[in-house]
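Worksheet: one structure, shown below.
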Amino acid sequence: MKEIFIIEENFEEKNLVLNFLKKKNLNAQTISLNEIKKIEKNKSTIICTKNLQEKIGGKSEILKVSRTFGSTNILVLEKSEAGYEMQNDLGGAYVIISLKDFNDVILEIIFQSLTDDKYSFSDPKTYSLVKMAEKVAKTDVTVFIHGPTGTGKEVISNYIHQNSVRSEKPFVAINCAAIPENMLEAMLFGHEKGAFTGASSANKGIFRAADTGTLLLDEISEMPLSLQAKLLRVLQEKKVTPIGGQRDIDVDVRVIATTNRNMIDEVKEKKFREDLYYRLNVFPIETLHLSERTDDIIPISIALLKRHTEIGKLPFITDKAKKILTSYNWPGNVRELENVLQRAIVLSDDKIIDESHIMVDVSCNNNLYKNFDEKISQAVL
């Protein structure tokens, strides 16, 4: 993990930033300017204040300090009554953030400026879920993730893979609801040349493509009953037989399955095989609706804004805009949040997102929206 050095001179909030980054599992430490000059060359990041930069002679001097030990990124923080602004140079390797104070939005922007993580979180419920995912990642058991659409089931699946012994091997995902029934078997298990009309060449299939790695069976509840028995056999015997093939082929795959349905009901209604359900449900994980983990809304928002803006141009979310985001119930979860933030980027000046840029769909006649107008009025007062 890349080291992050926070130069402590002229930096009153250094411990606040340090503790926040450590909570995010970044390898951060404070250090004096003299000590940093003695460090052996390594690819690290420097964080310092604009005051320190000017004190030692400006931008050119802080760049010299970074080159001394091979730092690849510099983040300069400047307190300014003019408010938030982010500037970057050297292809994003040198970034200046101007700010009034170190609130939660600024801290998340700092974090996203230092990492390639796609998502961030702060809610205790999510921390518990991630800890559980880390534990199961160290094993090779089958995981069944269930939760509403748009709550990060594929993100958790990928996280388990990245933290497992298979992390350097393939991660292959297939959406069982998106593949026509007559093609799904061939997609999963492969086929030989000439096995059916149109099979002009052989295909090894998803299971063999994921061999030694992880296979994500997304929305497995949509898999046809006729195919569920064949999947059960593969999971039990760890062998696949391509369509038109005459022999079994060994596969070594860690399987993760996801669903947004109540699988007990699916089993009772004979829509899903009971034996397959118990074969998959070795280690169940439940993802939560975004409204059940409101402390995640701002961290996720900053991560999504980063995804849809240029390097070094992350916009700031004002307090009033933040209140609107955290007051809404998000029936569409993270996917809906992403849509709203993309609208906000279009409407804003790419620097500040305020309450006028937040457009949510409150047209539905649903209890989720009952108190939303009142909450919005309170938020913008």
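Laboratory data are not the source of any read-out in this text; all were calculated from the coordinates shown. Since the model is a prediction, treat every value here as computed from it, not as a measurement. Glycine also receives a Cβ, built like all others from the backbone with ideal geometry; neighbour counts cover every protein chain displayed.
My understanding is that a pair violates if its Cα-Cα distance is over 26 Å; which of Lys2/Lys138; Lys100/Lys351; Lys138/Lys271 do that in this structure? Intermediate values should be presented prior to the final figure.
Values: Lys2/Lys138 22 Å; Lys100/Lys351 14 Å; Lys138/Lys271 32 Å.
Too far apart for the 26 Å limit: Lys138/Lys271.
Take every DSSP beta bridge whose two residues both sit in the chain, then give the antiparallel share in percent to the nearest 5. If you can, show how the numbers build up before the last one.
Working: 8 of 47 bridges.
For the chain, the DSSP antiparallel bridge percentage is about 15.
Tell me, what is the percent relative contact order of region 1-60, built from C-alpha pairs under 8 Å that lie six or more residues apart?
Details: 68 pairs, mean separation 28.2, N = 60.
Taking the mean separation of contacting Cα pairs over the length of region 1-60, I get 47 percent.
Using the Karplus equation 6.51 cos²θ - 1.76 cosθ + 1.60 (θ = phi - 60°), what ³J(HN,Hα) coupling, rounded to whole Hz, does each residue of region 276-288 give in order, writing x for Gly and Pro?
Listing the rounded values in order: 5, 4, 6, 5, 7, 8, 5, 10, x, 10, 10, 8, 9 Hz.
Quick one: helix 59-68 against the long Cα principal axis of the chain, what's the angle to the nearest 10°, folded into 0 to 90?
For helix 59-68, the angle is close to 60 degrees.
What percent does the relative contact order of the chain come to when contacts are Cα pairs within less than 8 Å and at least six residues apart?
Numbers: 653 pairs, mean separation 58.6, N = 381.
Computed over the chain, the figure is 15 percent.
Taking only Cα atoms, what is the 0 to 90° angle, nearest 10, from helix 14-23's long axis to the longest principal axis of the chain?
Between the helix axis and the principal axis of the chain, the angle is about 0 degrees.
Going by amide H atoms built from the backbone, whose H comes under 5 Å of the H on Phe272, apart from near neighbours?
For Phe272, whose amide H was placed from the backbone, the distant partners under 5 Å are Val267.
Can you list which of the GluC sites (Glu not before Pro) found in region 1-94 are DSSP loop residues with at most 11 other C-beta atoms within 10 Å? Before the final figure, lay out the partial values.
Details: sites: Glu3, Glu8, Glu9, Glu12, Glu13, Glu35, Glu40, Glu54, Glu61, Glu78, Glu81, Glu85; in loops: Glu8, Glu9, Glu12, Glu13, Glu40, Glu81.
Those satisfying the criteria are Glu12, Glu40, Glu81.
In Å and whole numbers, how far do the C-alpha atoms of the chain stretch along each principal axis, longest first?
Here the spans come out as 75, 57, 37 Å, largest first.
Pull up the DSSP beta bridges for region 124-286 and report the antiparallel fraction as a percent, rounded to 5.
Details: 3 of 21 bridges.
Roughly 15 percent of the beta bridges in region 124-286 run antiparallel, per DSSP.
Trypsin sites (Lys or Arg not before Pro), restricted to region 252-305: which are DSSP loop and have at most 11 other Cβ atoms within 10 Å?
Numbers: sites: Arg254, Arg261, Lys268, Lys270, Lys271, Arg273, Arg279, Arg293; in loops: Arg261, Lys270, Lys271, Arg273, Arg293.
In loop regions of region 252-305 (DSSP not H, G, I, E or B), the sparsely surrounded trypsin sites (Lys or Arg not before Pro) are Lys270.
List the equivalent ellipsoid semi-axes of region 124-286 in whole Å, largest first, each obtained as the square root of 5λ for an eigenvalue λ of the Cα gyration tensor. Walk me through the numbers before you get to the answer.
Values: eigenvalues 145, 69, 35 Å².
Calculated on Cα positions only, the semi-axes equal 27, 19, 13 Å.
Note the angle between two axes, namely the Cα long axis of helix 153-162 and the longest principal axis of the Cα atoms of the chain, as a number of degrees from 0 to 90, rounded to the nearest 10.
Computed tilt is about 80 degrees.
Using the Karplus equation 6.51 cos²θ - 1.76 cosθ + 1.60 (θ = phi - 60°), what ³J(HN,Hα) coupling, rounded to whole Hz, does each residue of region 131-143 give in order, writing x for Gly and Pro?
Along region 131-143, the couplings run 4, 5, 5, 4, 5, 6, 4, 6, 9, 10, 6, 6, 10 Hz.
From the mean inverse distance of alpha carbon pairs (Kirkwood) and the Cα radius of gyration, derive Rg over Rh for region 1-117. Please list the in-between numbers first.
Numbers: Rg = 13.0 Å, Rh = 14.2 Å.
Looking at region 1-117, the ratio lands at 0.92.
Between Asp89 and Asn25, how many nm apart are label points set 7 Å from Cα along the C-beta direction?
Between Asp89 and Asn25, the simple spin-label model gives 3.5 nm.
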